[in-house]
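What follows is one structure encoded as structure tokens, with my remarks underneath.
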Amino acid sequence: MSSMTGARYVVETAAERLAREQRAEWERYVQARGELEAVRAEAEAYRSVYGDRIAKVPAGRQARPKHSPAKIAATTGELRELARREREALRSAVSAASRSDVSGLLAAGPAAEAVSTTRTWDDSVLEKAPEPVRTTDGSAARRTEKRAARRKADAERAADLVSRLPAGAPAETRAACAAAAAEIAGGASEIRVRLLLTDLEKRVRDAQRDDEQVGRARRELLAVAAPLETVPGEEADRLRARIQRLIAERVLEVPDGLRAEADTVVDRADRARRRKAMANALRTKLTDLGYQVTEGFETRLAGDGVAYAGMGDGRGYGVKVLLDQDNPVVRTQVVRARSTHAGAADDAGAERKFCDDYDVLLRSMRKEGVEVADVARQEPGKRPVQAVADEFIPAKAAQARQHQHRERTL
């Protein structure tokens, strides 16, 4: 028997399971969407360098947090495949564009060399290319062909390196790499070409390293933001907007405390959702047991953490139900209307009645997916039944409204 109870609860309703599955699929979807968005942004950045030779990347199909888990998963798969195809196409297009630019420089190379060896009025300031040694076995021609082949190979290597520059590389880095590729294609000396290629490789490697770090931070930020997209409210909206700004700024790491802040917002929303599910289940099952529950019972219980249900015998007794805000704990307490004049025996009878109903209530809620485990019960008579304002007990509140109505109509 009990006059007061305390119990922990676990909500495992169909709706709760669905919400959990939706969030898990949504987090995977957000990562896939982020991968495609990164490819789209990369393509736009390359278009600013190579123009229409780089095609725009489509946005792909979009999902919503409330879509079924299967639908979200299907959309995730489509976006990942689209991102893969578009990334490969972008890689090929950038490589082709870079090689085309270097091919143009190679084509202009001989003319530039011809100008550099033209005689001027002062031969003493002119550095002339040595005259090829003429032989009868064609070795000079072969050396010329070999130099041309080496120059072409060096230029193609430079073009490949430039094409591997991340789209987000700083403008000064891209300009320096482009100038080095132009000098290599333009016929620089072999020693100079080796130096230029070594420097070019280092610049590209450093830019790729920085871009990889930005990419890691972006993926981590997307993982932080994903659950927030399943949470309503301004607090989650503001935090998502902040994360999007960090991604746009290409930060190198997730700021300290951001993940914990997001987890707190998500946990608070999850607790509120489970409180609402518990409040709805209590309303339904108390009504089934014959208790009087007024409209808005579940809203007040989930929001304010306290609501009242009246016992159906009309004697002015009721049950005060409390839900913790921060912990999955429900408490109950037998109360009576202040205007009800009753003795200790009446109070004990009301407490015994609720004790019997409480066990039935727990069993019936378990069948609905809400598991309640007793933490504590207090035996009837341990303390006086609390008297509360009549307005809190539905039967007494209804009687008071009827009395007021009769007085107005007299």
* For segment 228-287, what are the residues that are part of a loop (DSSP other than H, G, I, E, B) and either at pLDDT 95 or above or more than 26 Å from N327 (Cβ to Cβ) (or both)? -> E249, R250, V251, L252, E253, V254, P255, D256, G257
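Here's the yes/no breakdown for (1) among the charged types (D, E, K, R); (2) closer than 30 Å to A182 by Cα:
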{"position": "E21", "(1), (2)": "yes, no"}
{"position": "A24", "(1), (2)": "no, no"}
{"position": "G34", "(1), (2)": "no, no"}
{"position": "R40", "(1), (2)": "yes, yes"}
{"position": "E44", "(1), (2)": "yes, yes"}
{"position": "A70", "(1), (2)": "no, no"}
{"position": "L79", "(1), (2)": "no, no"}
{"position": "L90", "(1), (2)": "no, yes"}
{"position": "S95", "(1), (2)": "no, yes"}
* Lone unmet requirement of (1) open to solvent by 10 Å² or more (accessible area, probe 1.4 Å); (2) closer than 21 Å to S364 by Cβ for L301 -> (1)
* Read through the list (1) under 21 Å from Y291 (Cα atoms); (2) at pLDDT 90 or above; (3) open to solvent by less than 90 Å² (accessible area, probe 1.4 Å); (4) among the charged types (D, E, K, R), then give the number of the only condition that K396 fails. => (2)
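Matching residues to (1) touching a residue at least 24 places away in the same chain (Cβ under 8 Å); (2) in a helix (DSSP H, G or I):
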{"position": "V30", "(1), (2)": "yes, yes"}
{"position": "G34", "(1), (2)": "yes, yes"}
{"position": "E37", "(1), (2)": "no, yes"}
{"position": "A41", "(1), (2)": "yes, yes"}
{"position": "Y46", "(1), (2)": "yes, yes"}
{"position": "H67", "(1), (2)": "yes, no"}
{"position": "I72", "(1), (2)": "yes, yes"}
* Options D324, D313; residue that is farther than 22 Å from V10 by Cβ, surrounded by fewer than 21 Cβ atoms within 10 Å (Cβ to Cβ), at pLDDT below 95 and not aliphatic (A, V, I, L, M) -> D313
* Structure fact -> Going through segment 161-196 in order, the residues found to be touching a residue at least 24 places away in the same chain (Cβ under 8 Å), open to solvent by less than 70 Å² (accessible area, probe 1.4 Å) and over 41 Å from the mean Cα position of the chain (by Cα) are A182, I184, A185, G186, G187, V193, L196
* Right, R61: charged (D, E, K, R) and closer than 22 Å to A169 by Cα or not? -> no
* Do we find a residue being within 18 Å of D357 (Cα to Cα), more than 22 Å from the chain's Cα centre (by Cα) and of a type in the set (V, I, T) anywhere in segment 317-329? -> yes
* **Selected residue (only one of E37, E21 is among the acidic types (D, E), under 30 Å from L323 (Cα atoms) and open to solvent by 60 Å² or more (accessible area, probe 1.4 Å))** => E21
* To do: Give the residues of segment 333-363 that are more than 55 Å from the chain's Cα centre (by Cα), without any contact (Cβ under 8 Å) to a residue 24 or more places away in the chain and over 16 Å from K382 (Cβ atoms), sorted by residue number.
  => H341, G343
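The values are calculated or read from the model by the stated rules, or taken from the named source; none is laboratory data. Since we're looking at a predicted model, the values are computed, not measured. So basically every Cβ, Gly included, is an ideal-geometry build from the backbone, and we count neighbours across all protein chains shown. Please note that ligands, DNA and RNA were not included when accessible areas were found on the heavy atoms of the full protein model with its side chains. Shrake-Rupley method; radii C 1.70, N 1.55, O 1.52, S 1.80 Å.
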